[in-house]
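*Asks:* Just dropping this structure here.
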């Protein structure tokens, strides 16, 4: 009997445009209440956009306002600043 090959879900990074396995990426979530946050677990409820676990990709996506378009909301600068700090803390 053949072993079933499990399909790896791929997602596109909003910063560098590369397709990577979902597990390798970090999710940015807009909750049903409209709150924007980083989802390190991948389990939070809401609309999501994906980024590499690299601050450079967040900065690139911030500059192009790509996450704003995907999440269909305007993200304030202070929220981007907070996400950058969280990512830097998570990396170290």
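*Asks:* Of the residues 38, 26, only one is within 16 Å of residue 91 (Cβ to Cβ), in a strand (DSSP E or B) and in contact with a helix residue (DSSP H, G or I) (Cβ under 6 Å, 6 or more places away or on another chain); which?
*Replies:* Residue meeting the stated conditions: 38.
*Asks:* So which of 75, 67 is touching a helix residue (DSSP H, G or I) at 6+ places or on another chain (Cβ under 9 Å) and over 28 Å from residue 7 (Cβ atoms)?
*Replies:* Going through 75, 67 in turn, just one is touching a helix residue (DSSP H, G or I) at 6+ places or on another chain (Cβ under 9 Å) and over 28 Å from residue 7 (Cβ atoms): 75.
*Asks:* Something else now. Check every one of the helices (runs of 4 or more DSSP H) wholly within segment 45-92 and list those with 3 or more residues that are over 15 Å from residue 14 (Cα atoms).
*Replies:* So the answer is 77-91.
*Asks:* Here is a further query. I'd like the full set of residues that are more than 10 Å from the chain's Cα centre (by Cα) and part of a loop (DSSP other than H, G, I, E, B), limited to segment 1-23.
*Replies:* 1, 2, 3, 4, 5, 6, 7, 8, 9, 16, 17, 18
*Asks:* Please indicate, with yes or no, whether at least one residue in segment 43-53 is without any contact (Cβ under 8 Å) to a residue 12 or more places away in the chain and under 13 Å from the mean Cα position of the chain (by Cα).
*Replies:* Among the residues of segment 43-53, at least one is without any contact (Cβ under 8 Å) to a residue 12 or more places away in the chain and under 13 Å from the mean Cα position of the chain (by Cα), which makes the answer yes.
*Asks:* For segment 34-55, give me each residue that is surrounded by fewer than 13 Cβ atoms within 10 Å (Cβ to Cβ) and over 18 Å from residue 80 (Cα atoms).
*Replies:* Across segment 34-55, the qualifying residues are 41, 43, 45.
*Asks:* Hey, another quick one. Return the residues of segment 4-20 that are free of Cβ contacts under 8 Å to residues at least 40 places away in the same chain and in contact with a strand residue (DSSP E or B) (Cβ under 6 Å, 6 or more places away or on another chain); say none if nothing qualifies.
*Replies:* Within segment 4-20, 8, 10, 11, 12, 19 qualify.
Computed from the coordinates by the stated procedures, all read-outs in this text should not be read as laboratory data. Worth saying up front: this structure is predicted, and the values here are computed from it rather than measured. Don't worry about glycine lacking a Cβ; one is built from the backbone with ideal geometry, like all the others, and counts go over all protein chains shown.
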